[in-house]
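The next block holds one structure in the form of structure tokens; read it before the comments.
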Amino acid sequence: MTLTDFDLVLFGSTGDLAMRKLIPAMLARDTAKDFPATARIICVGRNNWSQEEFIRTLNLHAKPHIKVTCLAAGTWEKFCARIQYVALDATDATTYGPLIAALRTDPAISRVFYLATPSQIFSKICQNLASHNLATAHSRVVLEKPLGNDLQSAKHINNKVSQVFSESQIYRIDHYLGKETVQNLLALRFGNVLFEPLWRREWISDVQITIAEQLGVGSRMEYYDNSGALRDMLQNHLLQLLCIVAMEPPVSIEPDAVRDAKLQVLQSLKRYTPTMLAKNVVRGQYRAGHIEGVPVPGYRDEENAPNDSTTETFVALKAEINNWRWAGVPFYLRTGKRMTQSLAEIVVRFKNIPHSIFAQSTNSFQPNCLVIRLQPDEGLRMHLMAKTPGDGMRLKPTELELDFRASFKTPRMEAYERLLLDVLRGQLTLFMRRDELEAAWEWVEPILEYWEQEDSDPIPYTAGTWGPAAASALVGRDGLQWREEALPED
């Protein structure tokens, strides 16, 4: 689908997200010739820099994150020629003059306002755009996560933004939905007849969703200490992945059909009581340890960290979905920093065979397991039992694997590249709707309230491990293990 001409206004253009992800994604799509020749990128920042100073900043902080294939002779210079830097205070409407002058007035040109800023100023930016009549019927606004820090703040931001933009103009972004494997999960479930009859409580034992990071907080301490793992990762990324796994087949791939199906999952999640929270939610905070043999500091020893911080860097919980398809199937969600590996994966474990016709007992059989790996290597892996070569009928675990890199030779798009194109095309399927976002906040809010009332420290865990032992006990009570404990060779 050919893109129409656009002005893309990037607020927060000097920030970490813009430099590491957004600018490289824009260059990649420009290099692929997706952008019209006259399309422009207007980068907004507080610093009173000249155009040349901003380009030097891009060279220093964005260029190192760009794919080598996008740096052929002349491509960087051509891309930078699209960029215009505008200095203003996003929260002060009186400083918007340079942006007004930079935007083209042709109504046929789409305007995309990308807010890569703290969500606390989303509403103010939108109000300032409205005060200068910059938000037109052809405009779109992109809101980065996390949107708010609780249900009340999320509703407040949504109310303010919706005074300027209609729901069809608002793109609430979760970059995990742009990952190739997540979309292949949709294809796996709804493009094949094989799995649908088995995708239910009669055949599935449990589902595990893990997003683990080896990195610590780094330079994000100011943001992270006021957010924590629950707000930063679980409320958005992990719950969105849960929705894709658990949703009923939508009537089509159209935006509202898919988002209606995801909303039903969020509304069906069993609500926590205080007793359930104490038993089913684990929070932790990393202490000093080693990552791949290199010593790393504890969270409270990181630069600019409060020495008495109770912010969680790890969350594991057990969720249940109260509907006919999933009743009784536990969904285990886990995320943490400074863990053994960096990975993101969904594990769908099927029930064991009811009876063995072989000499081996069923206890020696590993249940069939579908592993959907989002990173670092995107792919699908099916764990099966198969006969070992040679005499006799002895079975052992084996794997069927679909490696996307090996199977599909076409160049892969990063998540932000795909989502950027969807914004420019006006395609909302992979973006959260307001009711979906607020349903997610409504479900996690009792956890936040419980932690605040409990007023206790997170459980310490050593950097370079898989988190607190309590997380293993969480699944162990159901006679299960996290996948990395059951299959350490992975």
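The values are calculated or read from the model by the stated rules, or taken from the named source; none is laboratory data. Here the structure is a predicted model, which is why all the values come from computation and not from measurement. Cβ sites come from the backbone with ideal geometry, for glycine too, and all protein chains shown count toward neighbours. Just so you know, the surface numbers come from the protein's heavy atoms only, side chains and all, with ligands and any DNA or RNA stripped out. Shrake-Rupley method; radii C 1.70, N 1.55, O 1.52, S 1.80 Å.
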**OP:** Output yes when any residue across region 322-332 is exposed (fewer than 14 other Cβ atoms within 10 Å of the Cβ) and at pLDDT below 95, and no when none is.
**Re:** no
Original post:
Quick one: in region 199-214, which of the residues that are part of a loop (DSSP other than H, G, I, E, B) and either under 17 Å from residue 367 (Cα atoms) or touching a helix residue (DSSP H, G or I) at 6+ places or on another chain (Cβ under 7 Å) (or both) is least open to solvent (accessible area, probe 1.4 Å)?
Top reply: 199
**OP:** With a cut-off of at least 1 residues that are open to solvent by 60 Å² or more (accessible area, probe 1.4 Å), name the strands (runs of 3 or more DSSP E) lying wholly within region 1-100.
**Re:** 83-87
Subject >> Residue tally, condition assigned to a loop (DSSP other than H, G, I, E, B), touching a strand residue (DSSP E or B) at 6+ places or on another chain (Cβ under 9 Å) and in contact (Cβ under 8 Å) with a residue 24 or more places away in the chain, over region 312-359 >> reply: 16
**OP:** Taking the residues in region 140-150 that are modelled with pLDDT under 95 and open to solvent by less than 30 Å² (accessible area, probe 1.4 Å) as candidates, determine which candidate is farthest from residue 427 (Cα to Cα).
**Re:** 148
Subject >> Only one of 363, 368, 352 that is over 30 Å from residue 145 (Cα atoms) and touching a Pro at 6+ places or on another chain (Cβ under 9 Å) >> reply: 352
Original post:
Between a first residue in region 261-287 that is within 29 Å of residue 465 (Cβ to Cβ) and part of a strand (DSSP E or B) and a second residue that is of a type in the set (Val, Ile, Thr) and open to solvent by 60 Å² or more (accessible area, probe 1.4 Å), which pairs have beta carbons less than 8 Å apart while being 6 or more apart in sequence or on different chains?
Top reply: 282/459; 283/459; 284/459; 285/310; 285/459; 286/462; 287/462
Subject >> Residues of region 110-139 that turn out to be open to solvent by less than 20 Å² (accessible area, probe 1.4 Å) and over 18 Å from the mean Cα position of the chain (by Cα), as a count >> reply: 11
Original post:
What are the residues in region 289-305 that are touching a residue at least 40 places away in the same chain (Cβ under 8 Å), surrounded by fewer than 22 Cβ atoms within 10 Å (Cβ to Cβ), closer than 14 Å to residue 218 by Cα and not acidic (Asp, Glu), if any?
Top reply: 296, 297, 298, 304, 305
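One line per residue, one yes/no per condition, for (1) surrounded by 15 or more Cβ atoms within 10 Å (Cβ to Cβ); (2) modelled with pLDDT of 90 or more; (3) more than 20 Å from residue 403 (Cβ to Cβ):
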{"site": "163", "(1), (2), (3)": "no, yes, yes"}
{"site": "169", "(1), (2), (3)": "yes, yes, yes"}
{"site": "173", "(1), (2), (3)": "yes, yes, yes"}
{"site": "177", "(1), (2), (3)": "yes, yes, yes"}
{"site": "181", "(1), (2), (3)": "yes, no, no"}
{"site": "185", "(1), (2), (3)": "yes, no, no"}
{"site": "197", "(1), (2), (3)": "no, yes, yes"}
Original post:
If we keep just the residues of region 127-165 that are charged (D, E, K, R) and not in a loop (DSSP other than H, G, I, E, B), which is nearest to residue 111 (Cα to Cα)?
Top reply: 140
**OP:** Could you identify the single residue in 433, 394, 477 that is surrounded by fewer than 14 Cβ atoms within 10 Å (Cβ to Cβ) and either closer than 30 Å to residue 165 by Cβ or at pLDDT 90 or above (or both)?
**Re:** 477
**OP:** With respect to residue 113, determine if the residue is of a type in the set (Phe, Trp, Tyr), modelled with pLDDT of 95 or more and not in a strand (DSSP E or B).
**Re:** no
Original post:
Just a yes or no: is a residue in region 416-430 out of contact with any Phe, Trp or Tyr (no Cβ under 7 Å at 6 or more places or on another chain), modelled with pLDDT of 85 or more and among the aromatic types (Phe, Trp, Tyr)?
Top reply: yes
Original post:
Tell me, which residue of region 249-270 that is of a type outside the set (A, V, I, L, M) and open to solvent by less than 20 Å² (accessible area, probe 1.4 Å) is farthest from residue 200 (Cα to Cα)?
Top reply: 259
